[in-house]
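Trainee: Just passing along the structure, written as structure tokens.
The values are calculated or read from the model by the stated rules, or taken from the named source; none is laboratory data. Everything quoted here is computed from the prediction, not taken from an experiment. Neighbour counts run over all protein chains shown; Cβ positions are idealised from the backbone, glycine included. Accessible surface areas use protein heavy atoms only, side chains included; no ligands, DNA or RNA. Shrake-Rupley method; radii C 1.70, N 1.55, O 1.52, S 1.80 Å.
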Amino acid sequence: MRASPITPTVDFDVDGEQHGFLKLPHSHDGSAWGAVMIPVTVIRRGDGPTVLLTGGNHGDEYEGPIALSKLAATLRASDVNGRVIAVPFMNYPAFRAGSRTSPIDSGNLNRSFPGRPDGTVTDRIADYFQRYLLPLADYVLDLHAGGRTLDFVPFAAIHVLPDAAQQARCEAAMRAFGAPYSMRMLELDSVGLFDTAVEEAGKVFVSTELGGGGTATVASVAIALRGVYGVLAHAGVLAANANVVADTDASRTTTLLDMPDGTCYTTSEHDGLLELCKDLGDIVEQGDVIARVYDMTRTGAPPVQYRARRGGLLAARHFPGLVKIGDTVAVVADVVEHGIPVPILQTAAG
Ligand code: ZN
């Protein structure tokens, strides 16, 4: 296969702190010899594991971009053993547009793996991660949230994998992230996901859904940042005297959730005005009315009722007030276990 058209302006094998770009040539009306410049930070000290941290895989999800921008501006080479590669705005054209997909080619980066070096801009970004960055990494943390159309209880997530030992390594890293919830996630369609690419490469992979609505909150950013440091510590990349915010709250726990099958999902079969009847985090029983959809064209008609197809915890919901046929209205997940301890994050600075 041909080489990637992307060239990094950083050297991944040099010690120290480097802030540069993944430079992807892109000739268009506004810039004949232009390039998409995807910011990247590499922080390395000596040999050790490599953690690849990514945000902005979807361009309207903000906890990852914020937490990784903070990290890039503050983490020093003296804080690490090994290497941290941070790409806060992975699908940079989408991030700049504030949209889930790229305005250049409508590409959804998280449906574009393994990508192509001679494909669209989005394909080329996927290909660079697949063939150049993934092989460098031992651990990959890809930070997502709900974007403009979904909202989630804050969770870190892993998938059920064919290799039990690999799944156990992913579960341990998920626990180290320390979000209020930890999810064994079912994908309706795993083709083209960055997740699948990382998992098939045999790496330890953790994803997240940390909120939504196309913005971030004080709480969701704090969860993201604590989680990033938690995974770095778990990977053995944080030096013993690292100058990072410690979290010595030994009472911190996470609740393990599971999405065992498609009955977790409620999909709208109508266009209309949405009334969610449960809030995120609420416990619902099978058969409970979780949403009503009202006719937007007239008054006097009873709403369509959507009932939970299983009992559990409301883990995700449609965010905008109007819903269209085919939209995910809600996700109900099984509560597997409460009160799982989260490893504390102890550094000299703390
Ligand atoms: Zn996403």
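Trainee: Over the Cα atoms, compute the radius of gyration (one decimal) and Dmax (the largest Cα-Cα distance, rounded to a whole number) for region 264-333, in Å.
Mentor: When restricted to Cα atoms, region 264-333 yields Rg and Dmax of 11.4, 34 Å.
Trainee: What does the charge count near Arg111 come to, summing +1 for each Lys or Arg and -1 for each Asp or Glu among other residues with Cβ under 13 Å from its Cβ?
Mentor: Overall, the nearby charge balance is -4.
Trainee: To continue, here is another question. Could you work out how far helix 63-74 tilts from the main Cα principal axis of the chain, as a 0 to 90 degree angle to the nearest 10?
Mentor: Tilt relative to the chain: about 20 degrees.
Trainee: Taking region 267-350, which GluC sites (Glu not before Pro) meet the DSSP loop condition and have no more than 16 other C-beta atoms within 10 Å?
Mentor: Here the sparse-neighbourhood loop sites are Glu269, Glu285.
Trainee: Give the separation of the Cα centroids, region 239-285 to region 1-78, in Å.
Mentor: 29 Å
Trainee: What number comes out for the charge environment of Gly230, summing +1 per Lys or Arg and -1 per Asp or Glu over other residues with Cβ under 11 Å away?
Mentor: +2
Trainee: Given Cα pairs under 8 Å that are at least 6 residues apart, what percent is the relative contact order of region 198-350?
Mentor: Reported relative contact order: 31 percent.
Trainee: In Å², and per residue, what accessible area does the chain have when probed at 1.4 Å with the other protein chains present?
Mentor: For the chain, the solvent-accessible area averages 42 Å² per residue.
Trainee: With the crude spin-label approximation of a point 7 Å out along Cα→Cβ, what separation in nm comes out for Thr120 versus Arg2?
Mentor: Distance between the two pseudo-spin positions: 1.8 nm.
Trainee: Above 32 Å lies some portion of the pair distances; for the chain, what is it as a whole percent of all C-alpha pairs?
Mentor: 31 percent
Trainee: What does the highest-first list of 228-241, 105-118 look like by mean Cβ count within 10 Å?
Mentor: Ranking the peptides 228-241, 105-118 by packing returns 228-241, 105-118.
Trainee: For region 7-259, which whole percent of the accessible surface, found with a 1.4 angstrom probe, sits on carbon and sulfur atoms?
Mentor: It is 52 percent, rounded to a whole number.
Trainee: Another question, if that's okay. When the accessible area of region 264-333 is computed with all protein chains present and a 1.4 Å probe, what percentage of it is carbon and sulfur?
Mentor: Result for region 264-333: 48 percent of the exposed heavy-atom area is carbon or sulfur.
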